[in-house]
Amino acid sequence: MESSTNGKIIIVGDLFPIDENKRAFCDGDIETLFGEKICSIFANADLKICNLEGALTDHSEKCVKTGPVKVAPTTAIEAYKKLGIDICMLANNHATDGGHQGMLDTMKALEDAGIRHIGAGKNANSIVKYLIKEIGGMRIGLYNVSETMYNKPSENRAGAWLYDEYVVCKDLETIKKECDYLIVIYHGGIEKIPYPSPETRKRFHRMADSGADMILSQHTHCVGCEEHYNGSYLLYGQGDFLLKNFSPGLTDTGIIIELDIKEGSIEVKKHKVESISNQYVRYSENQDFSDFINRSSLLDDKEYVQKQLHSFCQGELRLYLTAFKSPGKMMRWIRNHFPSIYKKWLFSYSERNLLFTLHTLRSEQNRETAIIGLEELLEKMHHNRRNK
């Protein structure tokens, strides 16, 4: 038994079942899911934390959205229990995939299992943003926040705690006075790219300046790079722990963060893990972090990072142009049968079209107006559908 001045904290990224491993989750078969080495790391830790990336619910309600909907039965909580998870982060873009009821069911399943949760609430006024635990004689603060996606709460609807720079930085200044070491779990950043955008990096610096000692980004699905800034440890992309990846080779590895507390000091250790056919995760035999270290060393090379970011964005541009044009059935048929004609149509924006689209996205006034209008229009559509 370790003395009161020693302790270990384990933090992992996105964790959620898929159809292929759902049975193992529900059975609590952690040896199959995680392997002996990872189970041993968890067994020897005093505090174990993960991001629960989805909704645990037995109801049929689903969030109306584009993209994957992550929902699993409440019995999947058995794997979280057996692994010894103490705290689940719920501020993420899939927290409300089971709708309002799914969010309530997720929180109840965790509470019934004796697992704490932060980053969400049954409505906008009941969100738990943070908690403080004493580990190894130190008061450890945990704060969970997400970018705005489909997870926005209201006065009568469950949701996640969302990033508002002024509010978050004020929170961190206050919480830091109550603890010795403050950890921010931030669910945001650009997916599938191992470098932070300039805006993400500025956000991390502002949170660090406001009192955060460690900031971990868990939304990118890939291992990014690290930065030591003003006495704080910043990790731009922890990668998934066990989640269905969508870009093999990039999103099939993750990092277990271990905080080793000894007599009032904290050492940050990293353990590389890898996904096996999306179904299981194993401790990697190759614990070589040289690529990670080299990538991190290039963070201040603004020209290089901008080049990587611009290259990635150009590759993603077609998705946005398609969304803006909203092709109907005829154009989708043409896409499938005459791709060259479809491509020409897709990129046939005039300069004015592009300028107006950019202005709408860039302008805070136009963006806010469009969001409010679209939300109300969708709500009317959903209301009409429910009352048919």
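The values are calculated or read from the model by the stated rules, or taken from the named source; none is laboratory data. Everything numeric here is computed off the predicted structure, so don't read it as measured data. As a convention, Cβ positions derive from the backbone with ideal geometry for all residues, glycine included, and neighbour counts pool all protein chains shown.
Okay, here's what the table says:
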read-out	value
Residue that is modelled with pLDDT under 85 and assigned to a helix (DSSP H, G or I), where the choices are 341, 371, 334	371
Within region 127-148, tally of residues that are crowded, with 18+ Cβ neighbours inside 10 Å and β-branched (Val, Ile, Thr)	4
Residue count for region 171-214, restricted to those that are of a type in the set (A, V, I, L, M), within 21 Å of residue 293 (Cβ to Cβ) and touching a helix residue (DSSP H, G or I) at 6+ places or on another chain (Cβ under 7 Å)	1
Residues satisfying the stated conditions in region 273-304, i.e. among the β-branched types (Val, Ile, Thr) and at pLDDT 95 or above	273, 281, 293
Qualifying residue in region 310-327 (condition: surrounded by 10 or more Cβ atoms within 10 Å (Cβ to Cβ), among the aromatic types (Phe, Trp, Tyr), under 30 Å from residue 271 (Cα atoms) and outside the structural domain of residue 271 (by TED's automatic domain parsing))	yes
Residue satisfying condition, being free of Cβ contacts under 8 Å to residues at least 12 places away in the same chain and in the same structural domain as residue 283 (by TED's automatic domain parsing), within set 66, 75, 57	66
Within region 111-169, strands (runs of 3 or more DSSP E) holding 3 or more residues that are of a type outside the set (Val, Ile, Thr) and out of contact with any Cys (no Cβ under 8 Å at 6 or more places or on another chain)	130-135, 138-146
Among (1) buried (at least 23 other Cβ atoms within 10 Å of the Cβ); (2) under 14 Å from residue 283 (Cα atoms), the one test that residue 258 misses	(1)
Matching residues in region 295-305 - criterion: being among the polar types (S, T, N, Q) and touching a residue at least 24 places away in the same chain (Cβ under 8 Å)	296
Number of the exception - residue 217 against (1) of a type outside the set (A, V, I, L, M, F, W, C); (2) in contact with a helix residue (DSSP H, G or I) (Cβ under 9 Å, 6 or more places away or on another chain); (3) surrounded by fewer than 15 Cβ atoms within 10 Å (Cβ to Cβ); (4) free of Cβ contacts under 8 Å to residues at least 40 places away in the same chain	(3)
Residue identified as of a type in the set (S, T, N, Q) and surrounded by fewer than 18 Cβ atoms within 10 Å (Cβ to Cβ) among 296, 284	284
Lone unmet requirement of (1) in contact with a Cys (Cβ under 9 Å, 6 or more places away or on another chain); (2) in contact (Cβ under 8 Å) with a residue 40 or more places away in the chain for residue 191	(2)
Residue among 124, 109 that is in the same structural domain as residue 89 (by TED's automatic domain parsing), surrounded by fewer than 17 Cβ atoms within 10 Å (Cβ to Cβ) and among the small types (Gly, Ala, Ser)	124
